[in-house]
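Below you'll find the structure, written out as structure tokens, and then a few comments.
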Amino acid sequence: MRASAVSITKSIIRFFVKHYTKLISLAAFLVLWQLVITVFGIKEFIIPSPLATFSTLFVPDIAQRYNWLLHIRTTISEVLISFVVTAATGVFVALLMTWSRALRRVITPVLTLLNSLPKIAFAPLFLIWFGYGVVPNVIIAVLIAFFPVVINTATGLNAVEEDLLDLVHYLHASKLQVFLKIRIPNSLPYIFSGFKISTTLCVVGAIVGEFVASARGLGYLLKDAQAMIDSPPMFASLILVSVFGLSLFGAISILERVAMPWQVRDEVS
């Protein structure tokens, strides 16, 4: 028990030592924000103070009016589901496009068409087809975040030196072996770049979907608070959305380091 407590304490100390400048900057920003509101007497419905904003989250009597747990749980589930679907389908479609030229000629125009359309225009249709709930919000998020994963993955799968491909063909490697041993490992940096882009887009897509086709979630809470000109929960919701996006981005960065340890060694050296 004592050894584990010491290990946790050391980890916390290392975290603060590594990120102390960011933490100080954040604290300074919050203090400056509070001072500006107090000194200039800015009305709360225009810009709430940090105290008013965080009170909506952490003061029980105030927080219970907004049912934060329900809205947070809904948005997190939509973001995570949409990201998993986006990552899996995006990589799969990119593999199909790289595997077969015929499939690439069929898929590319469809992807281009979907990407050129404003995704919010689909929301009324999804509302008719699927009703209110998680499903239309997830679909909207997937449509918004899908394209970067496909493009980045396809680019990585094709970014292989021709000399290397000629060599493995000379050694009579099968098409599947080329994909498993060369193309997919070579595309990992591109895949994770696409994942990082899609994390923020999934958050945006979920919030946009909740604006239109949901009766719960942080997007719905934002819309409801805007109608009541209640700024503190709006700012609190925006802060939570930012935390979700940063957390998911950080998780993908950690997974990238685990999947590509050689890249970490290259950065260090």
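Points worth noting:
- Matching residues in the stretch 125-177 - criterion: being within 12 Å of Ser214 (Cβ to Cβ) and in contact with a Pro (Cβ under 8 Å, 6 or more places away or on another chain): Phe126, Leu127, Phe130
- Residue that is at pLDDT 90 or above, among the aliphatic types (A, V, I, L, M) and out of contact with any strand residue (DSSP E or B) (no Cβ under 7 Å at 6 or more places or on another chain), where the choices are Leu117, Leu111, Leu96: Leu96
- Qualifying residues in the stretch 169-191 (those that are among the hydrophobic types (A, V, I, L, M, F, W, C) and closer than 28 Å to Leu255 by Cβ) - the one modelled with the highest pLDDT: Ile191
- The stretch 37-59, residues that are in a helix (DSSP H, G or I) and exposed (fewer than 13 other Cβ atoms within 10 Å of the Cβ): Thr38, Val39, Phe40, Phe58
- Condition met for Ser242 (closer than 23 Å to Ile46 by Cα, in the same structural domain as Leu80 (by TED's automatic domain parsing) and among the polar types (S, T, N, Q)): yes
- Inclusion of Thr74 among residues that are under 29 Å from the mean Cα position of the chain (by Cα) and assigned by TED's automatic domain parsing to the domain that holds Ile239 is warranted.
- Residue list for the stretch 160-210, restricted to those being within 19 Å of Leu95 (Cα to Cα) and among the aromatic types (Phe, Trp, Tyr): Phe179, Tyr190, Phe192, Phe195
- Among the criteria (1) modelled with pLDDT under 85; (2) within 23 Å of Ser193 (Cβ to Cβ); (3) in contact with a helix residue (DSSP H, G or I) (Cβ under 8 Å, 6 or more places away or on another chain), the one Trp129 does not fulfil is (2).
- Taken over the stretch 226-248, the criterion of being over 15 Å from Ile72 (Cα atoms) and buried (at least 16 other Cβ atoms within 10 Å of the Cβ) is satisfied by Asp230, Ser231, Pro232.
- Of the criteria (1) β-branched (Val, Ile, Thr); (2) surrounded by 16 or more Cβ atoms within 10 Å (Cβ to Cβ); (3) over 18 Å from Ser77 (Cα atoms), which one Val106 fails: (2)
- Restricting attention to the stretch 60-98 and to residues that are of a type in the set (S, T, N, Q) and surrounded by 15 or more Cβ atoms within 10 Å (Cβ to Cβ), the residue that is nearest to Leu222 (Cα to Cα) turns out to be Thr75.
- The helices (runs of 4 or more DSSP H) located wholly in the stretch 164-269 that include 1 or more residues which are in contact with a Leu (Cβ under 7 Å, 6 or more places away or on another chain), touching a residue at least 12 places away in the same chain (Cβ under 8 Å) and closer than 25 Å to Tyr132 by Cβ occupy 184-213, 218-227, 231-259.
The values are calculated or read from the model by the stated rules, or taken from the named source; none is laboratory data. Quantities reported herein were computed from a predicted structural model and do not represent experimental measurements. So basically every Cβ, Gly included, is an ideal-geometry build from the backbone, and we count neighbours across all protein chains shown.
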